[in-house]
2 protein chains.
Amino acid sequence: MIFSNTPIDPKIVSAKISESGLPDFDSASIREIVKLVNIIEKESGQKYMRMEMGVPGLPAPEIGINAEIEALKRGVASKYPMIEGVADLKRELKRFVKLFIDIEVDERGCLPSVGSMQGSFATFLVANRTDKSKEGTLFLDPGFPVHKQICKVIGHEWESIDLYDYRGEKLRNKLEQILSKGKTSSILYSNPNNPSWISLNETELRIIGEMADKYDVIVIEDLAYFGMDFRKDYTVPGEPPFQPTVAKYTENYVLLISSSKLFNYAGQRVGTIVISDYLYNRRYPDLKRYYKTDEFGYSMIYGSIYALSSGTTHSAQYGLAAMLKAVNNGEMKLTENVLEYGQRAKIMKRLFKENGFSMVYEYDEDEELADGFYFTFSYPGFTGNELLNHLLYYGISAITLSLTGSTRTEGLRACVSQIGLHQMPILEERLKKFNEDHQKKIANL
Amino acid sequence: MIFSNTPIDPKIVSAKISESGLPDFDSASIREIVKLVNIIEKESGQKYMRMEMGVPGLPAPEIGINAEIEALKRGVASKYPMIEGVADLKRELKRFVKLFIDIEVDERGCLPSVGSMQGSFATFLVANRTDKSKEGTLFLDPGFPVHKQICKVIGHEWESIDLYDYRGEKLRNKLEQILSKGKTSSILYSNPNNPSWISLNETELRIIGEMADKYDVIVIEDLAYFGMDFRKDYTVPGEPPFQPTVAKYTENYVLLISSSKLFNYAGQRVGTIVISDYLYNRRYPDLKRYYKTDEFGYSMIYGSIYALSSGTTHSAQYGLAAMLKAVNNGEMKLTENVLEYGQRAKIMKRLFKENGFSMVYEYDEDEELADGFYFTFSYPGFTGNELLNHLLYYGISAITLSLTGSTRTEGLRACVSQIGLHQMPILEERLKKFNEDHQKKIANL
């Protein structure tokens, strides 16, 4: 039931949900929910606690911005960027993976992309075509829904498992079961995971690496939230602990390191692709169906990336190079721009729990989850779709976990980035009101 | 035969050509030729007259650069750009097509892309999937080789005809013959044409439009060299003559307007896609194989462009918006940054002709070709492959016309952008030497 005195005028909310034409929130895209909330905000004149978008909510580092401005003044705008990346960026990226992940990669395999979105698209275009008897990608979910959209747009198949159901050694049997069918070209997961904020441990990464080698599958490790497991300090260049990675356990890997969250640099669309030396040089005869050569690295750069956009925006490459250099040299602390996300998550999770909500993904095996960019929650007696529907009347927006491939259909994903510390009292008040109104429902369960 | 006293040390040239491992220059990519010439320049210490790359050779307008710098200072780097384009760019692009092409398009269909390369990729991904009984693109060649590479990377078929063989009414029969097979999803051509610098006339554009309607084919008009037919003055906003376009004759069109050449803005990877209102709203049930909806425009933006890179670099969108606004308002003259290309071409064509060379594509029907970004040439008794091979000893580089889909295998394409007016005496000297050395060969023909 809908209450009459909700924080947002219930007539407006009902009307706008109905007018949106969305069948339900389990199949709506994030952008469709964004649009709906924009419309309700405009009509009601009230601001939502917006937790549906995984977008940066903090400013970009001056170091990156200034380096872009200098590059523009130097005249880079008129010159095609090197497709394989400008020298400064390749050098700093190679150093970065050595200093913060502790892996060695040749500069040749250190590439810029137009955001990690293009990085994934480019990688799928090659990795999923290395063996014509294979069909596509296995996603270790929950995850970023657009990765599956990319597979669909390209015309590749995909399947997925919910990681939370297969932690630790259980993962080996499940992967064995799927990969042994011989249809999997690549495995993709985010670490830390969007949206569950699970961080894969060394046992799990080792299993993924071993299974990749056993079944000759390419692992695409999405490091969109690089270093943001704030339980550990990954910020000292060249010193352990390092950002965990599958690259310690297999050479069949491509890393996607985004600047959008780590450096709050989503606007400039500049990410990176790191290909292992082994994979770069490897030859797959079946690539010749789509590319001039059978070499993986060459097909990535001059086949896929070239055709996708003829390289990455020139000034943005220099901006990213400068930020990487600053963290490599210890002049800027890695994650210093994003630490506040952890503080926000800690408070927000407490507020939800104090008001009748539970965390859906709550543990990393036996340890409590890190506080980071996302968390996941549910409320007794509601499916995710119903819960989002009701929360909209209380000025709170999120997305359903179903949308992310999770099997936990009761849950919602919250992103902390748009909720400043000063807004916590409003969030608390709305959650309290929601809980008061709906406790009756719980009592009837 | 190779002469011993050529401008570049013949031992070095022979060795480097041999070491390159390229089978011949008809199948080498432009980038492979660029690489070879870089190596020879480095080894010999001598500079080439470099005409192989179609890259801007003049600086980018201050207006664009300053607008990018201001946007960066305003903080756009941390915010995801609107996938469908920032409001300023959409507004100015709509005005631009009205003022300089004289067509009306809703802002909804005025989109940014990460260069026209992404514009083509995104358009193929949708246009070539509108009808599952069709197979791909018909190219009106010669053209940009990477467009075919895009089709291959996506997995679409393509075929091509050499426009020069089918000027005027002849084009109708040829198109009828190909399109009536029912396998063509889209037609792509550049106007002015890269590399022949042919400009399609109104008769030909009308034929293409009529044939597109008759066989329900989408026309992709590549305006990479917008306004650069310098025989006409297309530069006065809102006043005829306008840049000729197929949009006058069909509603089945997508225009790709690049900033790389028009504004010397290749480095920032920002181009535009303009979709007709009719096509934007049109529904193609077969699109549902790859996209969420059957609507063309929605599939382009939230299906294709979103998955390709999650939009176009934020600051670059503001840079392009500012340049479009300046030409729309008459504050900056369209093509004022590129007029020098026409002057260079005029001189270079004369120098080639005075030294025994002929122009391959010389006429636009009965009129002489415009002087612009490219011209095409041959020398008696040589194939294009042989000619390039020999010219390399004289410090002159270009690409073969075969590479562009031309049937004129005797020719080479020259781009004027890297040859400044002060370098013309060196070019003249080298051409003279080449001609002196090779006249014997002609005499023996």
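The values are calculated or read from the model by the stated rules, or taken from the named source; none is laboratory data. Since we're looking at a predicted model, the values are computed, not measured. Here the Cβ positions follow ideal geometry from the backbone for every residue, glycine too, while neighbour counts run over all protein chains shown. These area figures cover heavy atoms from the full protein model, side chains too; ligands, DNA and RNA do not enter into them. Shrake-Rupley method; radii C 1.70, N 1.55, O 1.52, S 1.80 Å.
Of all residues in region B:285-302, how many are part of a helix (DSSP H, G or I), open to solvent by 10 Å² or more (accessible area, probe 1.4 Å) and either free of Cβ contacts under 8 Å to residues at least 60 places away in the same chain or not charged (D, E, K, R) (or both)? Working first, answer last.
Looking only at region B:285-302, we keep the residues that are part of a helix (DSSP H, G or I), and these are B:285-289, B:296-302.
Cutting the leftovers down to open to solvent by 10 Å² or more (accessible area, probe 1.4 Å) gives us B:285-286, B:288-289, B:298, B:302.
After this cut, where a residue has to be either free of Cβ contacts under 8 Å to residues at least 60 places away in the same chain or not charged (D, E, K, R) (or both) as well, the list is B:285, B:288, B:298, B:302.
Within region B:285-302, residues that are part of a helix (DSSP H, G or I), open to solvent by 10 Å² or more (accessible area, probe 1.4 Å) and either free of Cβ contacts under 8 Å to residues at least 60 places away in the same chain or not charged (D, E, K, R) (or both) number 4.
What residue, of A:Lys432, A:Lys440, is open to solvent by 70 Å² or more (accessible area, probe 1.4 Å) and without any contact (Cβ under 8 Å) to a residue 60 or more places away in the chain? Spell out the reasoning first.
Numbers: A:Lys432 fails: without any contact (Cβ under 8 Å) to a residue 60 or more places away in the chain.
The unique qualifying residue is A:Lys440.
Within the set of pairs 6+ apart or on separate chains, which have a first residue in region B:123-147 that is closer than 12 Å to B:Ser299 by Cβ, a second that is acidic (Asp, Glu) and open to solvent by 10 Å² or more (accessible area, probe 1.4 Å), and C-beta atoms under 7 Å apart?
B:Arg129/B:Asp286; B:Thr130/B:Asp286
Do we find that A:Tyr394 is open to solvent by less than 10 Å² (accessible area, probe 1.4 Å) and farther than 24 Å from A:Phe230 by Cα in this structure? If you could, list the steps in order and put the result at the bottom.
Details: open to solvent by less than 10 Å² (accessible area, probe 1.4 Å): yes; farther than 24 Å from A:Phe230 by Cα: yes.
Taking the combined requirement at face value, the residue satisfies it.
Would you confirm whether or not region A:12-22 contains a residue that is in contact with a Ser or Thr (Cβ under 7 Å, 6 or more places away or on another chain) and of a type outside the set (Ser, Thr, Tyr)? Give the steps one after another, and end with the answer.
From region A:12-22, those in contact with a Ser or Thr (Cβ under 7 Å, 6 or more places away or on another chain) are A:12; that's our starting set.
Filter once more, so that each one left must be of a type outside the set (Ser, Thr, Tyr): A:12.
Yes, region A:12-22 contains a residue that is in contact with a Ser or Thr (Cβ under 7 Å, 6 or more places away or on another chain) and of a type outside the set (Ser, Thr, Tyr).
Being of a type in the set (D, E, K, R), farther than 19 Å from B:Glu104 by Cα and touching a strand residue (DSSP E or B) at 6+ places or on another chain (Cβ under 8 Å) is the filter here, so list the residues in region B:249-289 that pass it. Walk me through how you get there before you give the answer.
Let us first name the residues in region B:249-289 that are of a type in the set (D, E, K, R), namely B:251, B:261, B:269, B:277, B:282-283, B:286, B:288-289.
With farther than 19 Å from B:Glu104 by Cα added as a condition, the list becomes B:261, B:269, B:283, B:286, B:288-289.
Answer for region B:249-289, where residues must be of a type in the set (D, E, K, R), farther than 19 Å from B:Glu104 by Cα and touching a strand residue (DSSP E or B) at 6+ places or on another chain (Cβ under 8 Å): just B:Arg283.
Consider only pairs whose beta carbons are under 6 Å apart and that are at least six residues apart or on different chains; among these, list those whose first residue lies in region B:34-61 and is open to solvent by 70 Å² or more (accessible area, probe 1.4 Å) and whose second residue is part of a helix (DSSP H, G or I) and at pLDDT 95 or above.
Short answer, once both residue conditions are applied: B:Ile39/B:Lys16; B:Glu43/B:Ile12; B:Pro59/A:Ser78.
If I ask for residues that are more than 10 Å from chain A (Cβ to nearest Cβ), in a helix (DSSP H, G or I) and either within 30 Å of B:Leu58 (Cα to Cα) or at pLDDT below 95 (or both), which ones from region B:248-284 would you list?
none
Return the residue satisfying two criteria in turn: it lies in region A:117-154 and is within 11 Å of chain B (Cβ to nearest Cβ) and assigned to a loop (DSSP other than H, G, I, E, B), and of such residues it is least open to solvent (accessible area, probe 1.4 Å).
A:Arg129
Picking from B:Glu368, B:Glu340, B:Glu331, which residue would you name as being at pLDDT below 95, within 29 Å of B:Ser259 (Cβ to Cβ) and exposed (fewer than 14 other Cβ atoms within 10 Å of the Cβ)?
Working: B:Glu340 fails: exposed (fewer than 14 other Cβ atoms within 10 Å of the Cβ); B:Glu331 fails: at pLDDT below 95.
Among B:Glu368, B:Glu340, B:Glu331, only B:Glu368 is at pLDDT below 95, within 29 Å of B:Ser259 (Cβ to Cβ) and exposed (fewer than 14 other Cβ atoms within 10 Å of the Cβ).
Matching residues to (1) within 24 Å of A:Pro61 (Cα to Cα); (2) of a type in the set (A, V, I, L, M); (3) surrounded by 21 or more Cβ atoms within 10 Å (Cβ to Cβ); (4) within 14 Å of chain A (Cβ to nearest Cβ):
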{"residue": "B:Ala71", "(1), (2), (3), (4)": "yes, yes, yes, yes"}
{"residue": "B:Val76", "(1), (2), (3), (4)": "yes, yes, yes, yes"}
{"residue": "B:Asp88", "(1), (2), (3), (4)": "no, no, no, no"}
{"residue": "B:Glu104", "(1), (2), (3), (4)": "no, no, no, no"}
{"residue": "B:Gly115", "(1), (2), (3), (4)": "no, no, yes, yes"}
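Here are B:Glu176, B:Glu204, B:Glu221, B:Glu157: which of them is over 23 Å from B:Val360 (Cα atoms), crowded, with 18+ Cβ neighbours inside 10 Å and without any contact (Cβ under 8 Å) to a residue 60 or more places away in the chain?
On the way: B:Glu176 fails: crowded, with 18+ Cβ neighbours inside 10 Å; B:Glu204 fails: over 23 Å from B:Val360 (Cα atoms); B:Glu157 fails: crowded, with 18+ Cβ neighbours inside 10 Å.
The unique qualifying residue is B:Glu221.
Could you say whether any residue in region A:353-368 is within 14 Å of another protein chain (Cβ to nearest Cβ) and among the small types (Gly, Ala, Ser)? Write out each step before concluding.
Step one: of region A:353-368, the residues within 14 Å of another protein chain (Cβ to nearest Cβ) are none.
There is no residue in region A:353-368 that is within 14 Å of another protein chain (Cβ to nearest Cβ) and among the small types (Gly, Ala, Ser).
If we scan region A:12-34, do we find a residue that is touching a strand residue (DSSP E or B) at 6+ places or on another chain (Cβ under 7 Å), over 30 Å from B:Arg31 (Cβ atoms) and in a loop (DSSP other than H, G, I, E, B)? Spell out how you get there, then give the answer.
Of all residues in region A:12-34, those touching a strand residue (DSSP E or B) at 6+ places or on another chain (Cβ under 7 Å) come to A:25-26, A:30, A:33.
Filter once more, keeping what is over 30 Å from B:Arg31 (Cβ atoms): A:25-26, A:30, A:33.
Still in the list and also in a loop (DSSP other than H, G, I, E, B): A:25-26.
The answer is yes, given that some residue of region A:12-34 is touching a strand residue (DSSP E or B) at 6+ places or on another chain (Cβ under 7 Å), over 30 Å from B:Arg31 (Cβ atoms) and in a loop (DSSP other than H, G, I, E, B).
Are there any pairs with C-beta distances below 6 angstrom linking a residue in region A:87-101 that is of a type outside the set (A, V, I, L, M, F, W, C) to a residue that is open to solvent by 20 Å² or more (accessible area, probe 1.4 Å), with the two at least 6 apart or on different chains, and if so which?
Correct list of pairs: A:Lys90/A:Glu107; A:Glu92/A:Lys325; A:Lys94/A:Glu107.
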